[in-house]
Amino acid sequence: MTEGTAGGGWLGTARAVPRAGWVVLGSSFLLGLGYLMAVPLLTSYVASSLGASVAVAGGIIGAMAVTQRGTALFGGVLADVFDRRTVFFVGVGLRALGFAAMAGPGKLPWLVAGAVVASVGGGLATPVLPTAISVIAEEDTRSFLYSTRQSVANVAAALGPLIGSALLVFGSTGAFWGAAGMHVLVLVFAARYLPRLHGQGSSGGPNVRTLFSRALSDRGLRPLLVTLLFFWAVQTQLVVSFTTQAGRIAEGGVDADARTVSLLYLVNGSLFVVSQFTAFRVIKRFSSVTLLGLGGCMMACGVAFAVLVGNLPALLGCVVVFTLGEVLALPGVELLVSSIAPPAMVSSYFGLASSVAGVGIALGSVLGGAAMASTTGALPALLMAVFGCGVLVGTLVLGRRMRRSEARGSDVEPAC
């Protein structure tokens, strides 16, 4: 029997979710909303208000992503060693301070320093919320919560830039002040409703070095990390290959490119959210390993065909295939990490998975961008075939190791 059996469907499972689960979803939404109120507007702010180049803005955004993903590894370990709730509060507080600094004196050094502080805070907070689902949710609601968390993130991604743009009526830094205020709201909300999520510090658990060595020597974790490396390299093609191909098809200047790209994101985001309700009964019938492999391959196929088509309807069809692959695969990513991780190391495993995701996104961005810039039209499709095979082989190896662990009576719990 797979996860998510409570009540037979989405609504029945939703009724079985404890209040703490909805608190985690609410915190995830507010965090995503606060972050995306400001970061998408960073480029225009740097260029128009600070007089710096777009390349400088791109460098800041890239540095924020790398810093947050890298810090997530250490944030996960610290959350396991100490009280997870406290680490979450420290991370969210640093994010609030960082965005406030970005909005402060209106000078580039303050902006860069604030961006770094906000990214470090994000790295500390990131592993805690998926850990909270693993701690507070029963097996039959865990898949539902991880799946709904992805939908919540998509809604935040759609609303965040709109709210940030609306806040510009209060000045060029209005979005940054709004982001800081949103993170303060998260602190108040979580302090009131988020339950305590004790790490090992309260029971004399392992130190930081021990947690690192145990995580990196886990035979079940290694194939999952390799699979996630290829998976995130494919997933980032929504930003790289799809948008590039949309610009080629539009051929109507900057405005036409922007409208086409916006349409792609609209189809992707709305279809993902709607499909969560209709696909839930299908998703719960299969193991997370199977769904990750199938969904990752669908995403790779969607990208591979997208770079070969020459009209907008066909490109949107490829977006649909890509999005349905995301619907199948993304909930299983966090569920697999949760299933493999020992209870005392859940945050460490989520932090490590987040760092690997950062490497995969960087790899996919560089290789995907280089392939799209090449004169050989089939090269991006071949690259996606390699990435898709990486996901498929990785899930096959992972599934076999998890079945062997189950047969040996191991503590590793299969996601099925």
Checklist entry - In the Gaussian network model of the chain, springs joining C-alpha atoms below 10 Å, which of SER355, SER151, SER287 carries the largest mean-square fluctuation? => result SER287
Next on the checklist: Given a 10 angstrom Cα cut-off, can you work out which residue in LEU73, LEU228, LEU41 is the most mobile in a GNM of the chain?
Outcome noted: LEU41
Item to check | Simple spin-label estimate for ALA314 and SER44 in nanometres, 7 Å along Cα-Cβ | outcome: 3.4 nm
Item to check | Intensity falloff of the range 75-152 expressed as log10 I(q)/I(0), Debye formula with alpha-carbon point scatterers, at q = 0.21 Å⁻¹ | outcome: -0.88
Item to check | In order through the range 326-333: 3J(HN,Hα) via Karplus (6.51 cos²θ - 1.76 cosθ + 1.60), integer Hz, x for Gly, Pro | outcome: 4, 4, 6, 8, 4, x, x, 4
Checklist entry - Which of these, SER241, SER347, SER374, has the largest mean-square fluctuation under a Gaussian network model of the chain (Cα springs below 10 Å)? => result SER374
Checklist outcome for this item: Expected unfolding gain across VAL188-LEU382 under the 0.36 nm per residue rule, minus the alpha-carbon gap, is 64.9 nm
Item to check | Simple label model, 7 Å out from Cα along Cβ direction - ALA344 to ARG403, nm | outcome: 3.2 nm
Checklist entry - Where Rh is the Kirkwood radius over the Cα pairs of the range 267-416, the temperature 10 °C and the viscosity 1.306 mPa s, what D in µm²/s does Stokes-Einstein return? => result 95 µm²/s
Item to check | Longest segment of the chain lacking trypsin sites (Lys or Arg not before Pro) that sit in a DSSP loop with at most 10 other Cβ atoms within 10 Å | outcome: 197-407
Checklist entry - Could the peptides 119-127, 391-399 be put in order, highest first, of the mean number of other beta-carbon atoms found within 10 Å of their residues? => result 119-127, 391-399
Next on the checklist: Need one number: convex hull volume per residue for the range 1-205, Cα atoms only, in Å³.
Outcome noted: 122 Å³
Checklist entry - Over the C-alpha atoms of the chain, what are the Rg and the largest Cα-to-Cα span, Dmax, in Å? => result 20.9, 63
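Readers should treat all values here as calculations from the given coordinates under stated rules, not as data from a laboratory. Computed from a predicted model, the values in this text were never measured in an experiment. Ideal geometry is used to build each Cβ from the backbone, glycine not excepted, and the neighbour counts take in all protein chains shown.
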